[in-house]
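A quick write-up on the structure given underneath.
The values are calculated or read from the model by the stated rules, or taken from the named source; none is laboratory data. If you're wondering where the values come from, they're calculated on a predicted model, not measured in any experiment. Reconstructed Cβ throughout: ideal geometry from the backbone, glycine too, with neighbour counts over all protein chains shown. What goes into the accessible areas is simple: the full protein's heavy atoms, side chains included, and nothing from ligands, DNA or RNA. Shrake-Rupley method; radii C 1.70, N 1.55, O 1.52, S 1.80 Å.
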Amino acid sequence: LYFIGIIYYIMTNAVIPITKAGEWRTVIDVIAVSTYVIAGLPLVWIALQELGLVNRALDQMGKLRIHALCVALFLVFGHIAMISGMLDPAILGYQAPHSMEMNHEMPASHEGHMK
């Protein structure tokens, strides 16, 4: 059930503000965040089933099948989220804004350490 809180937190503190500000870097970010949120939904369904709020008409074997399907969906979406979260948005052309120019000269205090 804690995934309900996580989904709510991510939606209110990440998805909505980032979308309103137009700060998604590429579709990679959208896929990473949305599949993470989607991955929690099968776990919520399992919790509702265990609490007897859904799938009441199913026998034990039917509930077990739904449980296994939900775990599989969680794993698929969780892995998609993890893999896309590790991708560099630059592969789709994103360039980070440069606010100040980099100075490649090494400070004199560090010159002796490089020999």
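Rolling a 1.4 angstrom probe over segment 1-86 with all protein chains present gives an accessible area of which 72% lies on carbon and sulfur atoms. Inter-label distance, residue 56 to residue 30: 4.0 nm, where each label sits 7 Å from its Cα along the C-beta direction. Against the chain, whose longest principal axis is taken from its Cα atoms, helix 60-86 shows a tilt of about 10°. Length gained on full extension, residue 15 to residue 82: 22.4 nm, using 0.36 nm per residue less the C-alpha separation. Checking the a/c ratio against 1.5 first, then a/b against b/c, what shape does the Cα gyration tensor give for the chain? It is prolate, given that a/c is not under 1.5 and a/b is the larger ratio. For the chain, the solvent-accessible area works out to 76 Å² per residue, with a probe of 1.4 Å and every protein chain left in place.
For segment 1-86, calculate the relative contact order in percent as a whole number, restricting contacts to Cα pairs under 8 Å that are 6 or more residues apart. About 41 percent, as a whole number.
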